[in-house]
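All remarks here apply to the structure that follows.
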Amino acid sequence: MKTSTSTAAAVLGAATAAAVLLLGAGAASAEPHVTSSAYVLRTGGVLSVSPTPYAQSVDGARDRESVADISALPQVGPAKIALSALVATAEGNAASADVAQVDLAGLLRADVVHTWCVGGEGGLDVVNGTLLGRPLTGPVPHQVVDLSPVLRLELNAQSVENGALTVTGLRLSVLPSGGDLTAPLDAATAQLLPTVYGLVGVAPPAVAPVTVGGLLDVLRPQGEDTLLSVTIGSTTCAVDDAQEPAGGPGPASAAADDTEPAVQEVPAPGSPVEAATGTAPAPVVQRFSLPVTG
């Protein structure tokens, strides 16, 4: 029996199409796998800045993103947030967020802030830094600087979720949620108000508020639990199957318990690796009473 040329071509074409379909289905099933990510700056609340610069490692490939400098927040008076040489790097299950010449509203200053993670380990390193005028350098354990009721600064917060470790280097909260609106603003707290006004870009009122609720009225929040949050340095790394997550954020950290950080990090919209918000080690809480001057 003879087979026509057109029939043979049709059979060959059908076979080729089936093979392409099968190969295409196999390729589509191999979804890209993000093994690590990092960003240097993010803000939320009255001013929103998406993670900048943002790097991610897809299937272990190296990604490095940088920004020369940022002065992201409106400034009124002496308060400012200034950063230089922002670099986010991700490769394999390692990531780092590096920034130089850090000025966090005068509360924290440093030549270099380095946030990092490798698999289930991570930390925060500061070079030539000061925290409220006190020296801060070297590896920094998880701690919270509580300037209630108007400011809260958390350093080296760590959590593990869905097989990934997230390290948040610095997180500043302006008027953190959960405070008593009737709480009075004493003389020491009043000294912080120029910093608060400057961070959110509001001119000081003619009549100074005397309670937390009065301060909120001046700042006109739009329903935010926290008026403003600023994150400097965040890294997320996949934890190796054979490697247990680190028990804490550093050799000087407290033992882990079920304490949640007071300010939860919101995952970046569209980011393939979301910031972990699971169980965190208990922080070292430092409450400062600022001297009254003037």
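The values are calculated or read from the model by the stated rules, or taken from the named source; none is laboratory data. Since the model is a prediction, treat every value here as computed from it, not as a measurement. Neighbour counts run over all protein chains shown; Cβ positions are idealised from the backbone, glycine included.
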For segment 109-116, state whether one or more residues are within 30 Å of Pro194 (Cα to Cα), at pLDDT below 95 and either more than 15 Å from the chain's Cα centre (by Cα) or of a type outside the set (Lys, Arg) (or both).
-> yes
Return the only residue of Glu91, Glu121 being closer than 29 Å to Ala164 by Cα, surrounded by fewer than 22 Cβ atoms within 10 Å (Cβ to Cβ) and without any contact (Cβ under 8 Å) to a residue 60 or more places away in the chain.
-> Glu91
How many residues are within 30 Å of Gly120 (Cα to Cα) and of a type outside the set (S, T, N, Q) when one looks only at segment 163-217?
-> 9
In segment 200-244, residue modelled with the lowest pLDDT [restricted to those that are part of a loop (DSSP other than H, G, I, E, B), under 30 Å from Ser66 (Cα atoms) and of a type in the set (A, V, I, L, M, F, W, C)] | Leu227
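Quickly run through segment 80-137 and pick out the residues that are closer than 16 Å to Leu172 by Cβ, out of contact with any Phe, Trp or Tyr (no Cβ under 9 Å at 6 or more places or on another chain) and not in a strand (DSSP E or B).
Listed by number, the residues that qualify are Lys80, Ala105, Gly106, Leu107.
Okay, residues lined up against (1) at pLDDT 95 or above; (2) touching a strand residue (DSSP E or B) at 6+ places or on another chain (Cβ under 9 Å):
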{"position": "Gln56", "(1), (2)": "yes, yes"}
{"position": "Arg62", "(1), (2)": "yes, yes"}
{"position": "Ile70", "(1), (2)": "no, yes"}
{"position": "Leu73", "(1), (2)": "no, yes"}
{"position": "Val76", "(1), (2)": "no, no"}
{"position": "Ile81", "(1), (2)": "no, yes"}
{"position": "Leu86", "(1), (2)": "yes, yes"}
{"position": "Ala90", "(1), (2)": "yes, yes"}
Cross-chain or 6+ apart pairs with Cβ under 7 Å, segment 186-204 first and under 17 Å from Asp217 (Cα atoms), then among the polar types (S, T, N, Q) = Gly198/Gln75
Here the qualifying pairs (Cβ atoms under 9 Å; residues six or more apart or on different chains; first in segment 45-72 and over 21 Å from Trp116 (Cα atoms) and in contact (Cβ under 8 Å) with a residue 40 or more places away in the chain; second buried (at least 18 other Cβ atoms within 10 Å of the Cβ) and of a type in the set (Ser, Thr, Tyr)) come out as Gly45/Ser173; Gly45/Thr226; Gly45/Ser229
